[in-house]
Every structure is written in structure tokens, then in C-alpha cells.
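The values are calculated or read from the model by the stated rules, or taken from the named source; none is laboratory data. What you see is a predicted model; the values in this text were computed from it and never measured. Heads up, the Cβs are rebuilt from the backbone with ideal geometry, glycines too, and the neighbour counts pull from every protein chain shown. SASA here: full protein model, heavy atoms, side chains in, ligands and nucleic acids out. Shrake-Rupley method; radii C 1.70, N 1.55, O 1.52, S 1.80 Å.
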Amino acid sequence: MKISNLRFVIIAPTAEVLKWQKAFAAVAPKVHLEEGPKVRQPETVDVLLLWNHPPGSLKPFSNAKLLYSLGAGVDHLMQDPELPKGIPICRIVDPLLSFSMSNYILFAILHFHRRWKKYVHDKENCIWDHDSFPERKIKIGILGLGTLGQDAAKKLQFMGFDVVGYSPSKKVLPGMTTYAEGEMNNFLSTINVLVCTVPYTPATRGLLALPVFEQLQHPACLINVARGKVQVEADILKALDKGLLEEAFLDVFETEPLPKDSLLWSHPKVEITPHIASVTNPQAGATQMLENVERLLRQTPLEHLVNSTKGY
Ligand code: GLV
């Protein structure tokens, strides 16, 4: 069997569909990427490319052999109670994703470390303040040591920052103190910059809340590039107003797009970006996906497989 004999269907928002169709046309012109969920003879479709598909819409694809998340996260798939069981699920793990994510995290940390907000304010007011040059002393905690978290941790360490990490199962990383399940409080109480890169699962839902912020050293900074539902926005606002947090860099939100009436928009200590910290490059993603489909055809182990029990 050849890849060009397989049927590929994409179910995603229209703008995404167009991007992926263009990428497939460039890297695999013989593969026709059909837009779903409504296609002829869904039972003959082999590979499904998915981003926020309507729950329940995968049922007719009764002989699908592979489900592919069009991003690094798979929470959008796991939320479908009717997700077909027993079919391998893969996700995009791409060096370009790590590159962008780490750069976003580095940018936010340097912004906080060098008190960039103060200098923006001083410039606006023509203030030349040479004497109070205050680099913030920071100790960074990476919450979530998956591919993205580890890449950021390594780069921050290379730059000379003091970095520790947490993941539910113990990770041994050269030159870095790591904490595991049962040690969350020790992890939080040693750091003042909390970077969240965890997957969204029932275990991480609402994790970034007051009890977490209360344990951080001061001045504390939160950077969330994971998923909005991992944070409790009302608690972030309270923590900022109480001084438990000095600044928050948020790329993700409980509801996206962030509603116009959210108090986060106007809060002076909140930096907002519209879920763009790291955006999948469809051309790199398509190449990786096709390599994995080749593996499927050769019956060799797939890469970037999702553990459905863990949910990531
Ligand atoms: C983006 O948020 C992704 O999961 O790739």
C-alpha cells in the first residue's frame, strides 16, 4: 500500500484547513486532503487530521487507522466522549514548535528580569533613571517537563538562570533539580517565576490558582503558555491585586478569544498574547505526519504517540 492510496480527511476551522491543504500540496502533491466531517464514504477514510472537531463527528470514520492532532496539545481530542477507542493518536512534536515556545518564555522572563515595564514607563515620561538599575533576582520553575518545558529549561540554564522543574513522574535532567508528584509545595516555595507548560488534563484543570500563587517567592511572576483552563483567571486577578503576583504573561485563556469584558485586558500587570506563543508550522507538521504514516504502512512503531490513559 502507498501513501497516495490512502484517504486523508481534515476536520478543523476553515483557516486551518486552507493552511494544511497548502502545506500538503507543497510536500505531498499526490495526497488529497479532503475537508470533513461530511465526506463521501467516511468508512473508507484512513487518516484523520484534527483540531477542535465537533464532538461525536468521528463516529462515521469507522475504519480510521490514525488520528493526528494538528498541534502539540491533544486536549481538544480527549474532550470528545465519543472519541473512537483503540486507534493510535499522534501529535506534532516539532523543533520549530520548541524554538518558538522557548523564545516566548525567554522573552517574558527577560522582560520581567530587566523590569522592562519600568523603562517603557520612564521613556514615556522622559525619565533618565540611571541610579536604580534593578535586575530582578529570579529563580525559575518550569511546571511540566515535556518536550517544550525541557527545551526552555535547557536554554534558560545555558543563559545562566537558576532553573528547577516539576513533572508528575520524576525526570532526571543534567544539572537541574527536579521535583515529582508529592513535592509540588517544595517546588513552588523555592521559585519566584512560574512557567506553565503542562498539558490540559483533569489533573491540571484549575491548577494555577491562589493556593499555588501563595507559595511563590516574591516578586512573583506567572507565565502560562499551556492551556487557559489550567488557570483560574479570577484568582490571577486577586493575586495581582494582593501583591502575590507582580506580573502575569498569559498566552492562553479560559475562554478564547478572550472576551472583550475580561478584566485581564485592562490590568496593568497583565501581558496578553492571543495563543500565539508557538504555532504549528503546517509544512513541517505535514512532513512529520507523512513520515509517521509511512511507519504505519511499514508497521514500525509510530513516533509522538499519545498515551490515551494519561491524556497527553
Ligand atoms: C497549540 O496550542 C498546540 O497545542 O500546538
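When the criteria are applied in full, Pro257 fails the requirement of being assigned to a loop (DSSP other than H, G, I, E, B), open to solvent by 30 Å² or more (accessible area, probe 1.4 Å) and closer than 21 Å to Leu194 by Cα.
Identify, from the list Val252, Val230, the residue that is within 15 Å of the ligand (Cβ to nearest atom), open to solvent by less than 20 Å² (accessible area, probe 1.4 Å) and touching a His at 6+ places or on another chain (Cβ under 9 Å).
On the way: Val230 fails: touching a His at 6+ places or on another chain (Cβ under 9 Å).
After ruling out the rest, the residue left standing is Val252.
Across segment 71-83, the number of residues qualifying as open to solvent by 10 Å² or more (accessible area, probe 1.4 Å) and either within 14 Å of the ligand (Cβ to nearest atom) or under 20 Å from Leu145 (Cβ atoms) (or both) comes to 6. With respect to the stated conditions, Leu263 is away from the ligand (no atom under 13 Å from the Cβ), assigned to a loop (DSSP other than H, G, I, E, B) and more than 22 Å from Glu16 (Cβ to Cβ).
Residue-wise test of (1) closer than 25 Å to Asn192 by Cβ; (2) within 13 Å of the ligand (Cβ to nearest atom); (3) at pLDDT below 95; (4) open to solvent by 60 Å² or more (accessible area, probe 1.4 Å).
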position: Lys85; (1), (2), (3), (4): no, no, yes, yes
position: Met101; (1), (2), (3), (4): yes, yes, no, no
position: Ile105; (1), (2), (3), (4): yes, no, no, no
position: Phe112; (1), (2), (3), (4): yes, no, no, no
position: Trp116; (1), (2), (3), (4): yes, no, no, yes
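Please verify whether segment 249-257 includes one or more residues that are touching an Asp or Glu at 6+ places or on another chain (Cβ under 6 Å) and either assigned by TED's automatic domain parsing to the domain that holds Arg227 or among the small types (Gly, Ala, Ser) (or both). First the steps, then the outcome.
So in segment 249-257, the residues touching an Asp or Glu at 6+ places or on another chain (Cβ under 6 Å) come out as 249, 254.
Add one more test, that the residue is either assigned by TED's automatic domain parsing to the domain that holds Arg227 or among the small types (Gly, Ala, Ser) (or both), and what stays is 249, 254.
Yes, some residue in segment 249-257 is touching an Asp or Glu at 6+ places or on another chain (Cβ under 6 Å) and either assigned by TED's automatic domain parsing to the domain that holds Arg227 or among the small types (Gly, Ala, Ser) (or both).
Contact map, segment 100-111: first residue on the phi > 0 side of the Ramachandran plot, second residue crowded, with 22+ Cβ neighbours inside 10 Å and not in a helix (DSSP H, G or I), Cβ cut-off under 7 Å, separation 6 or more or different chains; the map is empty.
Exactly one residue out of Ile276, Ile223 is assigned to a strand (DSSP E or B) and within 16 Å of the ligand (Cβ to nearest atom), and it is Ile223.
Go through the residues of segment 239-255 one by one and say whether even a single one is touching a Gly at 6+ places or on another chain (Cβ under 6 Å) and in contact (Cβ under 8 Å) with a residue 40 or more places away in the chain.
To start, the set of residues in segment 239-255 that are touching a Gly at 6+ places or on another chain (Cβ under 6 Å) comprises 252-254.
So of that shortlist, the ones also in contact (Cβ under 8 Å) with a residue 40 or more places away in the chain come out as none.
No, the conditions are met nowhere in segment 239-255.
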